[in-house]
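Notes follow the structure.
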Amino acid sequence: MSSSPPAHWHHHADRTLLHTRVFDVRASRFSHPHRPDSEKEFFVIDAPDWVIVAPVTTLGEVLMVRQFRFGARQLSWELPGGVGEPGETPAVTAARELQEETGYGGGRPEVLGWVHPNPAIQNNRAHLMVMPDVKPITDTQWDQDEEIAMALVPLPEVLRRARGGEVTHALMLNLLFLLEPWWHQRCARGGLI
């Protein structure tokens with residue numbers, strides 16, 4: 001079955017509605033190219049790019065973090081990550097956020113891919129990384145509102161927990177989806193136990 005592609009709407013103007021320390025909200029005016037009188041406002045969240053990193057030890061354990069999330073009002077099992085600083089590459093952000101949140105560092109971060117967190121209303125990307133051969137290297141440097149517990153978990157167990165509903169953060173599930181083939185390739189080359 002084949003259908004024609006949807007139209008690419010025309011962008012006309014933007015206006016900022018809200019500015020916060022985390023993101024801005026703007027109204028963007030668009031119109032459909034083939035529908036008269038279709039111009040209307042759509043709401044967009046302008047946010048900086050994010051980076052999420054899967055830290056993997058030489059023994060094949062993934063360093064998971066658990067923290068309270070204000071939107072969901074509950075504790076969440078996740079992978080370390082955060083907002084990129086101006087001028088930082090995703091690899092630099094991955095290494096910095098991992099060290100700040102967990103005190104771990106190690107191998108060179110590798111890009112697995114990126115996703116739009118929610119392209120319906122957001123314009124940013126989440127860069128999905130893996131960092132092999134991590135180990136404790138320093139003290140944590142949490143932000144004022146951060147309180148993080150950590151656990152080293154074998155990847156098969158992380159995947160079991162994710163498939164069982166214990167990992168509910170959609171971006172973490174995206175990263176785990178890309179991490180699994182990386183893991184199998186590394187195991188096949190003898191790089192993990």
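Annotations for the structure displayed:
- Index of the failed condition, Val130 passing every other in (1) part of a strand (DSSP E or B); (2) under 13 Å from Trp77 (Cα atoms): (2)
- Summed over the stretch 70-86, residues that are touching a residue at least 24 places away in the same chain (Cβ under 8 Å), part of a strand (DSSP E or B) and not hydrophobic (A, V, I, L, M, F, W, C) total 4.
- Residue in the stretch 42-62 that is in contact with an Asp or Glu (Cβ under 6 Å, 6 or more places away or on another chain), open to solvent by 50 Å² or more (accessible area, probe 1.4 Å) and in a loop (DSSP other than H, G, I, E, B) present: yes
- For the stretch 87-111, filtered to residues that are surrounded by fewer than 19 Cβ atoms within 10 Å (Cβ to Cβ) and β-branched (Val, Ile, Thr), the residue that is nearest to Phe43 (Cα to Cα) is Thr89.
- Residue in the stretch 112-151 that is modelled with the highest pLDDT, counting only those that are open to solvent by 40 Å² or more (accessible area, probe 1.4 Å) and among the β-branched types (Val, Ile, Thr): Ile121
- Scanning the stretch 86-116 for residues that are touching a helix residue (DSSP H, G or I) at 6+ places or on another chain (Cβ under 6 Å) and under 30 Å from Val25 (Cα atoms) yields Leu112, Gly113, Val115.
- Of residues in the stretch 7-41 being among the small types (Gly, Ala, Ser) and not in a strand (DSSP E or B), the one most open to solvent (accessible area, probe 1.4 Å): Ala7
- Restricting Val83, Val62, Val25, Val44 to those that are among the hydrophobic types (A, V, I, L, M, F, W, C), touching a strand residue (DSSP E or B) at 6+ places or on another chain (Cβ under 9 Å) and closer than 30 Å to Cys187 by Cβ reduces the list to Val62.
- If the condition is being touching a residue at least 60 places away in the same chain (Cβ under 8 Å) and charged (D, E, K, R), then the stretch 21-52 contributes Asp46, Asp49.
- Selected residue (criterion: surrounded by the fewest Cβ atoms within 10 Å (Cβ to Cβ)) from residues of the stretch 165-193 that are under 23 Å from Asn118 (Cα atoms) and small (Gly, Ala, Ser): Gly165
The values are calculated or read from the model by the stated rules, or taken from the named source; none is laboratory data. This one's a predicted model, so the numbers in the text were calculated from it and none came from an experiment. Note that we place each Cβ from the backbone using ideal geometry, even for glycine, and neighbour counts take in every protein chain shown. The protein model used for the area step is the full one, side chains on, heavy atoms only, and it has no ligands, DNA or RNA in it. Shrake-Rupley method; radii C 1.70, N 1.55, O 1.52, S 1.80 Å.
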